[in-house]
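Contents: one structure, followed by commentary.
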Amino acid sequence: QVQLVESGGGLVQAGGSLRLSCAASGRAFRTYAMGWFRQRPGEEREFVAAISWSGGTTHYADFVKGRFTISRDNAESTVYLQMNSLKPEDTAVYYCAADPDGYSNYPRQYWGQGIQVTVSS
């Protein structure tokens with residue numbers, strides 16, 4: 001089993017940056033694909049980014065390409081989402097996710113509790 005805890009959210013002005021962190025527990029972390037999803041107010045949860053077990057492959061939603069970067073540090077059992085050029089429409093609760101399939105482009109088997117990101121004009 002894997003437990004995921006997000007941190008690093010908060011309030012930022014449009015055009016600014018934030019880095020989200022997701023700390024994972026579990027001996028199998030290094031074999032899991034990891035990802036980020038988000039849920040904007042009144043909308044369904046949507047895919048943001050994913051990374052393979054080794055960090056060698058990444059996958060992004062079109063609306064964040066060129067602005068967000070997903071990475072992982074297996075030695076620290078942590079996955080990151082670097083968010084640059086933030087827009088008000090990026091305001092959402094962001095969720096960390098994991099999948100035992102180390103190459104999944106849409107990890108959704110395990111979930112963190114979510115963390116708020118608010119972008120103001």
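For this structure, a couple of remarks:
- Considering (1) modelled with pLDDT of 95 or more; (2) farther than 15 Å from Ser17 by Cα, the lone condition that Arg67 does not fulfil carries the number (2).
- Among the residues of region 28-67, those that are over 13 Å from the mean Cα position of the chain (by Cα), of a type in the set (Phe, Trp, Tyr) and either open to solvent by less than 30 Å² (accessible area, probe 1.4 Å) or farther than 14 Å from Lys87 by Cβ (or both) comprise Phe29, Tyr32, Trp53.
- Selection count where residues are within 12 Å of Met34 (Cβ to Cβ) and either at pLDDT below 95 or open to solvent by 40 Å² or more (accessible area, probe 1.4 Å) (or both), scope region 79-97: 1
- A single member of Ser52, Ser21, Ser7, Ser17 is within 17 Å of Asp99 (Cβ to Cβ) and in contact (Cβ under 8 Å) with a residue 24 or more places away in the chain, and it is Ser52.
- Residue among Ser25, Ser17 that alone is open to solvent by 20 Å² or more (accessible area, probe 1.4 Å), modelled with pLDDT under 95 and of a type in the set (Ser, Thr, Tyr): Ser25
- Restricted to region 1-95, the set of strands (runs of 3 or more DSSP E) holding at least 2 residues that are within 22 Å of Thr118 (Cα to Cα) comprises 3-7, 10-13, 18-25, 33-39, 46-51, 68-73, 78-83.
The values are calculated or read from the model by the stated rules, or taken from the named source; none is laboratory data. What you see is a predicted model; the values in this text were computed from it and never measured. All Cβ positions, glycine included, derive from the backbone under ideal geometry; neighbour counts span all protein chains shown. SASA here: full protein model, heavy atoms, side chains in, ligands and nucleic acids out. Shrake-Rupley method; radii C 1.70, N 1.55, O 1.52, S 1.80 Å.
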